[in-house]
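Working notes, structure below.
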Amino acid sequence: MTLELDFSKEREPLIEYPWYKEVDHLLEWVSDKDAHYKSFCFDLVMSLAYIDAISGLERLMEFCDNCPDNFNAHIGFINLCCPCYEAIGKWSYQKAAKPQSGALGKLSSELILRFILKLSNNLKTVLAIGGTEAADAILIHKDGTKILAEVKSAPLITYPVLFEFENNKNHESHEKVIITASQLKQCQSAIYLHNQQYIPLGMPSHELWPFKQTIDYIVNPANSSSVFSFVQTWLNARDAYIKRDKNQELYYLANASGNPPKIAKTRDGWPRKESISDSKTSAGMDRTDDIKKGIYQVLKIGSSIRKETQFKTAIISNLPAYRHGKEYVEPFVDMLWGIEADVEQMNGVASISRDKLRQVFDFIITIEEPVLRGFEL
């Protein structure tokens, strides 16, 4: 088997999106900061990308009396209304707004590749590979090493968006807002960072909304204490996610939190068959189907390049498999493989030389806790 890649489809990641330079501005700011700042930034930009990728936002808005300050309407990306849950402890069901899965996969893949491209000191090239090729990306190290990679990435938290909608009628909380697309463009908006904290975004009619407004706020030194608080909230959510600690409020605000507790149904009328967010939304490479597909794919790539010593393989994600790594990833970290044709008889013993063996994957390239085997990125 030989590797066949159509490199005419390769491209620098994210440049198809008009807001990629705003992301570069953010990455320049975060480049010298701790890994959890970078992971928070990935989730933040992915949340903005969710907002950008959904058509008909005005159809998804619901009134919420528990939004902070003057905001009174909410759109979320999990099935739980976060302002209600955080402000008064109420489990208000609000159907999650979601872009099409194909759009999400492309966005998350290209975004993490952009992070790697801009945050690495030793990679001279990072390219996304289009179509249905064997690999999702190729990374070229300054020492000439070529890394063919499978990309599996997903945010830990998808932050909701708030709106201030002026109206003169009484309304019930979580009643649908009746508003047109042109009216929505004139509403004040914000991205909600939990704990009653938010970043004001102005009107959706503004240029490069919501990316420019969010990133300008984050990189402004005057907002450093607020950003520190945002990141601490993200860290607390990560810890609750890893430990599956349902006693922590933030557990249910992160992705893959499953079903709410019984009180949500008995007291607050939560729909019986609905979860807050299911395992398909697991953070990073933590979805078990993605781990299985990712390991198969790097084995497939490896079998195609086993004689090409300058080629390496990698799985790329924003976060490691926090929940499922021990069971699904660790057994393969130090595993070597070879093929029967390379087995030789040495002093009557069937043997295979080490230089004919390959790792299942050479690297797991993640923002936090990567497996790099001494390789410098």
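The values are calculated or read from the model by the stated rules, or taken from the named source; none is laboratory data. Only a predicted model underlies this, so the values are computations on that prediction, with no experimental measurement involved. As a convention, Cβ positions derive from the backbone with ideal geometry for all residues, glycine included, and neighbour counts pool all protein chains shown. SASA here: full protein model, heavy atoms, side chains in, ligands and nucleic acids out. Shrake-Rupley method; radii C 1.70, N 1.55, O 1.52, S 1.80 Å.
Only residues that are small (Gly, Ala, Ser), closer than 30 Å to Asp239 by Cβ and part of a loop (DSSP other than H, G, I, E, B) were counted across the stretch 320-357, and they come to 1. Considering only residues that are among the polar types (S, T, N, Q) and either open to solvent by less than 70 Å² (accessible area, probe 1.4 Å) or out of contact with any strand residue (DSSP E or B) (no Cβ under 8 Å at 6 or more places or on another chain) (or both), which ones fall in the stretch 295-326? Passing the criteria: Gln297, Ser303, Ser304, Thr309, Thr313, Ser317, Asn318.
When the stretch 340-363 is limited to residues that are in contact (Cβ under 8 Å) with a residue 60 or more places away in the chain and touching a helix residue (DSSP H, G or I) at 6+ places or on another chain (Cβ under 9 Å), the one that is nearest to Lys142 (Cα to Cα) turns out to be Asp362.
Of all residues in the stretch 195-212, those that are in contact (Cβ under 8 Å) with a residue 40 or more places away in the chain have Cβ atoms under 8 Å from Cβ atoms of residues that are open to solvent by less than 40 Å² (accessible area, probe 1.4 Å) and acidic (Asp, Glu), 6 or more apart or on another chain, in Asn195/Glu86; Gln196/Glu86; Leu208/Glu22; Phe211/Glu22; Lys212/Glu22. Identify the single condition in (1) modelled with pLDDT of 95 or more; (2) open to solvent by 70 Å² or more (accessible area, probe 1.4 Å); (3) assigned to a loop (DSSP other than H, G, I, E, B) that Arg373 does not satisfy, given that it satisfies every other one. Unmet for Arg373, out of (1) modelled with pLDDT of 95 or more; (2) open to solvent by 70 Å² or more (accessible area, probe 1.4 Å); (3) assigned to a loop (DSSP other than H, G, I, E, B): (1). What tally of residues in the stretch 265-308 results from selecting those that are closer than 30 Å to Thr145 by Cα and touching a Pro at 6+ places or on another chain (Cβ under 9 Å)? So the count comes out to 4.
Within the stretch 116-175, being under 30 Å from Gln186 (Cα atoms), open to solvent by 20 Å² or more (accessible area, probe 1.4 Å) and either touching a residue at least 24 places away in the same chain (Cβ under 8 Å) or among the hydrophobic types (A, V, I, L, M, F, W, C) (or both) holds for Glu164, Phe165, His171, Glu172, Ser173, His174, Glu175.
Scanning the stretch 184-195 for residues that are touching a helix residue (DSSP H, G or I) at 6+ places or on another chain (Cβ under 7 Å) and either within 24 Å of Phe40 (Cα to Cα) or part of a loop (DSSP other than H, G, I, E, B) (or both) yields Ile191, Tyr192, Leu193, His194, Asn195.
Residue count for the stretch 206-232 satisfying the condition of being open to solvent by 10 Å² or more (accessible area, probe 1.4 Å), of a type outside the set (Lys, Arg) and part of a helix (DSSP H, G or I): 13. Residues being β-branched (Val, Ile, Thr) and closer than 25 Å to Pro370 by Cβ are represented in the stretch 234-255 by at least one member.
Is it the case that the stretch 177-187 has a residue that's closer than 19 Å to Ala53 by Cα, crowded, with 16+ Cβ neighbours inside 10 Å, under 22 Å from the mean Cα position of the chain (by Cα) and of a type in the set (A, V, I, L, M)? Within the stretch 177-187, none of the residues are closer than 19 Å to Ala53 by Cα, crowded, with 16+ Cβ neighbours inside 10 Å, under 22 Å from the mean Cα position of the chain (by Cα) and of a type in the set (A, V, I, L, M). The set of residues from the stretch 254-294 being surrounded by 19 or more Cβ atoms within 10 Å (Cβ to Cβ) and closer than 30 Å to Trp337 by Cβ comprises Ser282, Ala283, Gly284, Met285, Asp286, Arg287, Asp290, Ile291, Gly294. Selection over the stretch 328-377 of residues that are of a type in the set (Phe, Trp, Tyr) and within 18 Å of Gln310 (Cβ to Cβ) gives a count of 3.
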